[in-house]
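The values are calculated or read from the model by the stated rules, or taken from the named source; none is laboratory data. All values derive from a computational prediction rather than experimental measurement. Positions of Cβ are generated from backbone atoms using ideal geometry, with glycine treated the same way; all protein chains shown enter the neighbour counts.
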Amino acid sequence: MNLIFDIGNTSTKLAIFDKKRKITSFRTKDFTCESMQKKMSKFQFDKCIVCSTREIPDFIFDLLTVNIPFVHVLSHSSKLPFRIEYETPETLGPDRIAAAAGAFAMFPKKDILIIDAGSAITYDFVGGKKYKGGNISPGLGMRFRALHKFTSRLPLITFAAKYSSPGRNTGEAITAGVINGIIYEINEYIRTFEKKHADFKVILTGGDSGYLKEKIDYKITYLPDIVIDGLNYILEYNAK
């Protein structure tokens with residue numbers, strides 16, 4: 001059995017695989033030694049991989065290495081099925097590496113644009129057994145907070161499922177500006193990618209992807225677990 005740890009900026013996602021088959025996955029903010037022991041106690045794990053966008057708590061290493069024979073922490077130095085063409089690979093987020101691996105495993109012969117709409121929105125490019133780089137822009141929540149923090153009178157808008165555009169009040173104006181801006185941004189990335197690549201896939205993932213997916217004008221493949229799938233793929237690849 002494989003244990004997958006994906007430690008993000010706001011929450012942690014765990015998944016359990018039997019080789020390539022996912023048994024279960026869940027997201028938690030209750031990230032303590034006691035809660036992890038309770039969740040792990042029902043299974044016997046052979047392998048584990050940890051992916052983190054922030055510092056990994058010490059108790060995680062203690063808990064995992066005592067109970068699991070093979071523990072791998074994902075980094076740019078991990079063994080990968082593709083080459084990273086990034087001038088500063090040590091600064092490349094492991095979640096982006098994992099998403100690239102998941103996309104490559106699923107579509108090994110295609111050029112792929114991976115759009116991960118989370119705290120930040122990342123645009124990553126994979127093709128020809130190469131990770132070719134990517135771009136980063138602020139995510140939904142970050143844009144709402146920035147408008148409030150860096151102005152004196154704009155309110156903090158958290159989220160609104162319905163709004164008018166153009167906005168009929170300040171709240172709607174902020175909501176429409178942020179959400180429409182992201183949609184226009186995503187559509188333009190896809191349009192530009194489509195012009196340069198004939199046989200390609202666009203993958204959408206990330207915490208805000210479920211909300212955004214119906215608003216995008218282009219055909220996308222919605223894979224909310226592509227990072228988890230990629231982590232399991234990398235784990236198996238490094239355990240060979």
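Within region 185-204, is there a residue that is assigned by TED's automatic domain parsing to the domain that holds Asn135, within 27 Å of Arg145 (Cβ to Cβ) and loosely packed, with under 14 Cβ neighbours inside 10 Å?
yes
If the requirement is being part of a strand (DSSP E or B), without any contact (Cβ under 8 Å) to a residue 24 or more places away in the chain and under 18 Å from the mean Cα position of the chain (by Cα), which of these qualifies: Ile136, Ile114?
Sole residue among the options that is part of a strand (DSSP E or B), without any contact (Cβ under 8 Å) to a residue 24 or more places away in the chain and under 18 Å from the mean Cα position of the chain (by Cα): Ile136.
With respect to Ile220, is the statement that it is farther than 27 Å from Pro94 by Cα, surrounded by 13 or more Cβ atoms within 10 Å (Cβ to Cβ) and touching a residue at least 24 places away in the same chain (Cβ under 8 Å) true?
Here the answer is no, as Ile220 does not meet what is asked.
Out of all the residues in region 2-14, is one or more touching a strand residue (DSSP E or B) at 6+ places or on another chain (Cβ under 8 Å), within 17 Å of Ile228 (Cβ to Cβ), of a type in the set (A, V, I, L, M, F, W, C) and not in a strand (DSSP E or B)?
no
Here is a yes/no grid of residues against (1) over 30 Å from Ala198 (Cα atoms); (2) under 20 Å from the mean Cα position of the chain (by Cα):
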{"position": "Phe31", "(1), (2)": "yes, yes"}
{"position": "Gln37", "(1), (2)": "yes, no"}
{"position": "Ile49", "(1), (2)": "yes, yes"}
{"position": "Arg54", "(1), (2)": "yes, yes"}
{"position": "Lys79", "(1), (2)": "no, yes"}
{"position": "Lys109", "(1), (2)": "no, no"}
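Which one is nearest to Asp208 (Cα to Cα) among residues in region 143-155 that are part of a loop (DSSP other than H, G, I, E, B) and either touching a His at 6+ places or on another chain (Cβ under 9 Å) or not charged (D, E, K, R) (or both)?
By that ranking, first place goes to Pro155.
Of these, Thr122, Thr158, which one is among the β-branched types (Val, Ile, Thr), assigned by TED's automatic domain parsing to the domain that holds Ala98 and not in a strand (DSSP E or B)?
Result: Thr158 is the single residue among Thr122, Thr158 that is among the β-branched types (Val, Ile, Thr), assigned by TED's automatic domain parsing to the domain that holds Ala98 and not in a strand (DSSP E or B).
Give me a count of the residues in region 178-210 that are touching a residue at least 12 places away in the same chain (Cβ under 8 Å) and in a helix (DSSP H, G or I).
16
In the set Ile23, Ile49, Ile60, which member is under 24 Å from Ala101 (Cβ atoms) and modelled with pLDDT under 90?
After applying the criteria, what remains is Ile60.
Given the conditions (1) among the aliphatic types (A, V, I, L, M); (2) in contact (Cβ under 8 Å) with a residue 40 or more places away in the chain; (3) touching a Ser or Thr at 6+ places or on another chain (Cβ under 6 Å), report the number of the one that Val71 does not fulfil.
With respect to (1) among the aliphatic types (A, V, I, L, M); (2) in contact (Cβ under 8 Å) with a residue 40 or more places away in the chain; (3) touching a Ser or Thr at 6+ places or on another chain (Cβ under 6 Å), Val71 is out only on (2).
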